[in-house]
Amino acid sequence: MDLEVIWASGSPYSWSILLTLEVKALQYKSTLIELFKGENRTPDFLKMNPRGKVPVLRDGDYFIHESLAVMSYLDRKFSETALFGDSPVKSAEIVKLVSEYNSYIAPHIGQIISSAFWSNSPNLTKLEDAKQSLLYELTNLEKILTATNWLAGEEISAVDIFIFPFMQLLMRSEAKLKKITADYKLILDCDRYGAISDWLKRFEDLPGYNNTYPPHWKEDKEISHYIS
């Protein structure tokens, strides 16, 4: 088997690559490593990615890292299912949505994740600012998904696969914050964002979805959505 993905449980970037492989119905070797044990800092791993980050894709003797680059590589090499679009217009739309996510949504989600997992005493002012900015951006996604099943149309694309793991991580982070701060109001509630909720559930029906779900999340019985 030529394709191998080296990944970590709970990494949204890893999850996007696993989803890409499953959506494309590709055969691959799955190698799960543990970051807390420093398995991403070993000499062998650093030869594959000097930055010590997951995921890494191995295709024969070729190694590639950075999740969007890996997704693009797989899409070009196995083009039967065109996740980055089958026309210049569709490709531009998908890349635009990914870029907008990285520029306008990711920083706010990052603030919430950081507050949940890397702060003993979350800065409630910064957290509230992030939430308010995120509410505006998620309303834009809700409008898109009210009209279509997926973010770039009626077929799943790279932008869905890229964003989905972060939405899951957002919910997981908020569940932890809810335990820390009793009056914390959840962002992704079904009443406000029904179309986004339906979109999230749509992933569960994808063939191979269970192969991608972070294994340590399955074992967590206390909080259904948080990273550590």
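What the table shows:
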{"item": "Some residue of region 179-197 being of a type in the set (D, E, K, R), touching a residue at least 12 places away in the same chain (Cβ under 8 Å) and crowded, with 22+ Cβ neighbours inside 10 Å", "result": "no"}
{"item": "Breaking point among (1) of a type in the set (D, E, K, R); (2) surrounded by fewer than 16 Cβ atoms within 10 Å (Cβ to Cβ); (3) at pLDDT 95 or above, for Asp129", "result": "(3)"}
{"item": "Filter result (of a type outside the set (Ser, Thr, Tyr) and in contact with a helix residue (DSSP H, G or I) (Cβ under 7 Å, 6 or more places away or on another chain)) within region 76-104", "result": "Ala82, Leu83, Phe84, Gly85, Ile94, Leu97, Val98"}
{"item": "Unique residue being touching a strand residue (DSSP E or B) at 6+ places or on another chain (Cβ under 8 Å) and either assigned by TED's automatic domain parsing to the domain that holds Ser11 or in contact (Cβ under 8 Å) with a residue 40 or more places away in the chain (or both) when the list is Phe84, Phe63, Phe117, Phe78", "result": "Phe63"}
{"item": "Close pairs (6 angstrom Cβ cut-off, 6 or more residues apart or separate chains): modelled with pLDDT of 95 or more in region 203-228, among the aliphatic types (A, V, I, L, M) anywhere", "result": "Thr212/Leu18; Thr212/Leu19"}
{"item": "Elements of type helices (runs of 4 or more DSSP H) contained in region 146-220, each with 2 or more residues being basic (Lys, Arg)", "result": "158-180, 194-204"}
{"item": "Test: Arg58 is touching a strand residue (DSSP E or B) at 6+ places or on another chain (Cβ under 6 Å) and either in contact (Cβ under 8 Å) with a residue 40 or more places away in the chain or farther than 30 Å from Ile187 by Cα (or both)", "result": "yes"}
{"item": "Candidate set: region 27-46, residues that are surrounded by fewer than 15 Cβ atoms within 10 Å (Cβ to Cβ), over 10 Å from Trp7 (Cβ atoms) and in contact with a strand residue (DSSP E or B) (Cβ under 8 Å, 6 or more places away or on another chain); chosen: the one modelled with the lowest pLDDT", "result": "Glu34"}
{"item": "Any chance Arg58 is within 17 Å of Ser16 (Cα to Cα), surrounded by fewer than 12 Cβ atoms within 10 Å (Cβ to Cβ) and of a type in the set (D, E, K, R)", "result": "no"}
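The values are calculated or read from the model by the stated rules, or taken from the named source; none is laboratory data. Since the model is a prediction, treat every value here as computed from it, not as a measurement. Cβ atoms come from the backbone with ideal geometry, glycine included; neighbour counts cover every protein chain shown.
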